[in-house]
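Only one structure is covered here, and it is reproduced in the block below.
Nothing in this text is a laboratory measurement; each read-out follows from the coordinates by a stated rule. The structure presented is a predicted model; accordingly, all values stated were derived computationally and were not measured. Quick reminder, even Gly has a Cβ in these numbers, built from the backbone with ideal geometry, and neighbours come from all protein chains shown.
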Ligand code: SF4
Ligand code: SF4
């Protein structure tokens with residue numbers, strides 16, 4: 001993460017996501033998957049206690065993040081402000 | 001102030017009304033009794049503002065989160081003013097939330113049955129201040145009759161809709177209430193933090209717990225200065241608490257802000273403090289989403305300010321006002337495991353980490369309580385807790401994690417016993433642990449153990 005902070009945040013709507021993991025494939029640096037397949041911020045990306053439903057993404061990742069938003073089959077993702 | 005001024009209202013509803021603010025009109029108060037006790041709502045001049053008065057009163061929400069009540073009020077007030085960002089569609093919506101999904105809480109039901117007119121007054125005062133058109137009281141099945149009768153017996157409340165809340169833990173979450181009013185499904189929503197700006201059908205929506213509305217009525221009627229004449233500077237006014245568990249009888253008390261927990265418990269007839277009166281092992285403060293504490297030295301306060309200047313003590317936030325007493329000799333880990341099982345069953349099963357993570361946590365906590373698991377159990381609890389917290393549409397996972405963390409902390413000695421395959425609750429001290437040395441540290445973390453002789457409490 002750049003010292004000036006994330007370019008944007010990727011919001012996960014947990015009420016829609018079914019954990020198939022397409023987003024984690026598109027954004028391997030930003031997302032891994034938890035025990036059940038749901039997207040999880042990559043280690044070190046969010047501090048404990050920080051907002052885990054809005055994962056910070058860098059400028060270099062922004063295009064891939066927008067792809068994930070478009071391709072998520074359940075419309076569970078959106079870009080929010082940093 | 002001390003809890004000595006507390007007013008006991010049995011769940012049957014026989015109020016002793018002397019020092020009570022919320023039950024001053026007596027048990028099952030009709031409108032006539034209400035008016036006799038509180039008077040009619042005064043007419044205020046142009047310069048008077050309810051939101052400013054609420055801010056000055058220091059009233060915090062009584063539903064659990066404990067945020068300053070005026071903030072949501074101000075946000076709804078701002079949102080109702082036309083601006084170029086907001087899509088305007090009707091005036092603000094006001095909701096009195098009496099769903100009380102928390103199984104240990106019955107103070108809201110007690111309030112609705114005994115003092116429904118205060119809740120109605122709070123809604124009407126706010127409706128006037130905000131120009132609100134749609135007013136709702138959302139209450140459980142058992143309170144429908146009392147609230148319905150109260151609405152029917154006064155001439156100014158015909159536009160308040162009474163809605164029956166489903167009996168489910170998360171049905172009282174603010175966004176679940178709004179969802180229910182819109183769709184008939186009481187499920188929390190994603191990104192629901194801005195109900196005051198865009199809630200029911202996109203309208204500014206002000207939702208407060210029913211007890212909060214009753215206090216709003218008092219502030220509207222008597223002003224902030226009067227409101228602050230009870231409680232402490234950090235935690236003004238009074239609050240209702242539901243006292244449950246290993247107590248002589250379960251009851252609702254009205255206690256001043258900043259009350260000493262042990263005083264409140266002794267008002268409820270629980271033996272605490274002093275030699276040989278160790279009837280209490282721990283108290284779960286705030287309910288299933290709350291935290292376990294040892295009562296000694298604890299002060300109930302929603303305020304964050306330094307309480308040391310008023311009295312020495314450690315602040316514990318009252319949350320939804322539940323004080324659940326765990327009697328001496330009971331196993332706190334077993335009690336917690338049962339609660340986590342319940343909470344896992346109450347997941348609305350919308351969000352994966354909650355739907356799968358809570359049952360996984362319940363399973364590990366149950367193994368820990370049974371003393372049958374391996375030594376890695378605590379680490380596994382921590383790992384799962386980190387996985388579920390903050391990853392849901394509502395705070396259900398976070399509340400569950402808070403309960404578990406407080407149990408691991410408060411019952412740390414018991415955790416070590418359990419990992420060694422023993423539970424020392426409910427056993428005669430003479431039969432076990434006579435040497436005063438506990439089991440060797442099973443987690444292998446080298447914590448040299450001087451363990452309590454016999455019963456950990
Ligand atoms: S692509 Fe969408 S549905 Fe699939 S795991 Fe990611 S957020 Fe969830
Ligand atoms: S976090 Fe759990 S309880 Fe809350 S909405 Fe999601 S599934 Fe339901």
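Results, tabulated for the structure shown:
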item	result
Linear extension gain, residue A:47 paired with residue A:25, 0.36 nm per residue minus alpha-carbon span	5.7 nm
Percentage of interatomic Cα-Cα distances in the range B:31-227 larger than 21 Å	48
Number of partner chain Cβ atoms within 10 Å, mean per residue of A:29-40	3
Top of A:33, A:16, A:45 by mean-square fluctuation, Gaussian network on chain A, Cα under 10 Å	A:16
Label zone at residue A:74 (point 7 Å along Cα-to-Cβ), backbone N below 12 Å, the range B:382-405	B:393
Relative contact order for the range B:31-227, counting Cα pairs under 8 Å that sit 6 or more residues apart, in percent	31
Residue among A:41, A:64, A:24 with the largest mean-square fluctuation in a Gaussian network model of chain A, springs linking Cα atoms under 10 Å	A:64
Rel. contact order, % - alpha carbon contacts under 8 angstrom, at least six apart, chain A	46
Average partner coverage of A:51-57, which counts Cβ from other chains inside 10 Å	3
Simple label model, 7 Å out from Cα along Cβ direction - residue A:35 to residue B:279, nm	4.0
Label point distance in nm, residue B:168-residue B:43, each placed 7 Å from Cα along Cα→Cβ	4.7
Bins of 10 Å from zero: percent of alpha-carbon pairs in the range B:350-428	19, 49, 24, 7, 0
Helix A:62-71 vs. chain A, principal-axis angle (Cα, 0 to 90°, nearest 10)	20
Gaussian network model of chain A, springs between alpha carbon atoms under 10 Å - residue of A:43, A:28, A:56 with greatest fluctuation	A:43
Inter-centroid distance (Cα atoms) of the range B:175-240 relative to the range B:378-396, Å	27
R0 of 30 Å, Cβ-Cβ distance residue A:58-residue B:379: FRET efficiency to nearest 0.05	0.40
Residue exposure sequence - B:285, B:243, B:51 - by fewest surrounding Cβ within 10 Å	B:51, B:285, B:243
In nm, spacing of pseudo-spin labels at residue B:229 and residue B:413 (7 Å Cα→C-beta vector)	4.6
Inter-chain shielding of B:352-359 (mean C-beta neighbours from other protein chains, 10 Å cut-off)	5
